[in-house]
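The values are calculated or read from the model by the stated rules, or taken from the named source; none is laboratory data. The shown structure was predicted, so the numbers you read here are calculated from the model rather than taken from an experiment. Here the Cβ is made from the backbone with ideal geometry for all residues, glycine too, and neighbour counts use every protein chain on show.
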Amino acid sequence: MRIRLDLSYDGTDFNGWATQPTLRTVQSVLEDALSTTLRLPVRVVCAGRTDTGVHARGQVVHLDVEPDVLAAAAGRRPVSAPESLARRLNGILPPDVRVRRAVEAPPGFDARFSATWRRYAYRIADRADLVDPLTRRHVLAWPRALDVDAMNEASAPLVGLQDFAAFCKRREGATTVRTLLELSWSRGEAGLLEGRVVADAFCHSMVRSLVGCLLAVGEGRREPAWAAGILAGRVRDPAVVVVRPHGLTLEEVGYPEGDELAAQAARARNPRSPIP
């Protein structure tokens, strides 16, 4: 059977999501806890790999396990086997990663390929009175005031099906074509500036590069049209700074329902067409 796990983690002390030899990563810590609980090697698939220092409130993973193995791990607890698994994992996992929910996944579900969108938030304190030592691991302290209207003006032309090569670290054989569904900026009641970034998928360092570009606009060093010009160039521009990771959080992953889960997974596995 396939199990869906919903996770939250503080990425500060992790070297990103993906397993790396000798390094502490979210995947390796989770798989170790699962292997201990289920008493056999376990591999998981996630909705989106987060970089070093990036946090998650809504990461989704799946794993496949035989029902009798899951039942044996659950024991006689008066809850469902997946819920028992979640409780046991949270008793083993370190405090900077939690399993928020565990359920049997519906037919056709794939944590990575069934997803239709991922939503990130990037949080910034751009005034001295907004900088809070208690949130320093999750909010970027920026020394200059930012113009939200200018940042939204610069963001608008970036939305849609685009080649984001100018904002991605290239990987051999990987496409940089993505559909950016939303890129907007607003201030919460406390005054913090929050960027809302939603796309069907993201390439490596894409969100932090977009934010770095828009910060230059927000503080007045660049005109709003500069961002669209960078995108059109399709090459990395050294003037675009990749901002620090700690302000970034994976908030939510969206999935279709019913038969569309398998259909979406099939579509997502097809190579993306390049943009002329």
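One residue alone among Gly160, Gly173 is assigned by TED's automatic domain parsing to the domain that holds Ser205, at pLDDT below 95, over 19 Å from Thr249 (Cα atoms) and not basic (Lys, Arg), and that residue is Gly173.
Evaluated against (1) without any contact (Cβ under 8 Å) to a residue 12 or more places away in the chain; (2) crowded, with 19+ Cβ neighbours inside 10 Å, Asp6 falls short on exactly one condition, (1).
Take the residues of region 16-42 that are more than 19 Å from the chain's Cα centre (by Cα) and assigned to a helix (DSSP H, G or I): which is nearest to Ala111 (Cα to Cα)?
Our first condition is that a residue be more than 19 Å from the chain's Cα centre (by Cα); within region 16-42, this holds for 21-23, 32-42.
Now drop any that are not assigned to a helix (DSSP H, G or I), which leaves 32-38.
On the way: Asp32: 19, Ala33: 19, Leu34: 17, Ser35: 19, Thr36: 22, Thr37: 21, Leu38: 20 Å.
Among residues in region 16-42 that are more than 19 Å from the chain's Cα centre (by Cα) and assigned to a helix (DSSP H, G or I), the one nearest to Ala111 (Cα to Cα) is Leu34.
For region 129-146, give me the residue count where each residue is assigned to a loop (DSSP other than H, G, I, E, B) and β-branched (Val, Ile, Thr). Steps first, please.
Of the residues in region 129-146, the ones assigned to a loop (DSSP other than H, G, I, E, B) are 131-132, 136-139, 142-146.
Next, only the ones that are β-branched (Val, Ile, Thr) stay: 131, 139.
Count: 2.
Restricting attention to region 243-259, the residues that are modelled with pLDDT under 95 and on the phi < 0 side of the Ramachandran plot total 2.
A single entry from Leu161, Leu180, Leu192 fulfils the requirement of being exposed (fewer than 15 other Cβ atoms within 10 Å of the Cβ), of a type in the set (A, V, I, L, M, F, W, C) and touching a strand residue (DSSP E or B) at 6+ places or on another chain (Cβ under 7 Å): Leu161. Elements of the type helices (runs of 4 or more DSSP H) sitting completely within region 183-271 and holding at least 2 residues that are closer than 30 Å to Pro107 by Cβ: these cover 260-269. Taking first residues from region 61-85 that are farther than 18 Å from Pro107 by Cβ and partners that are of a type in the set (S, T, N, Q), the Cβ contacts under 6 Å between residues at least 6 apart in sequence or on separate chains come to Ala73/Thr37; Ala74/Ser84; Arg77/Ser84.
Being over 30 Å from Thr135 (Cβ atoms) and within 16 Å of the chain's Cα centre (by Cα) is the requirement here; does Val60 meet it?
Values: over 30 Å from Thr135 (Cβ atoms): no; within 16 Å of the chain's Cα centre (by Cα): yes.
In short, no.
Between Asp149, Asp132, the distinction of being free of Cβ contacts under 8 Å to residues at least 12 places away in the same chain and over 22 Å from Ser209 (Cα atoms) belongs to Asp132 only.
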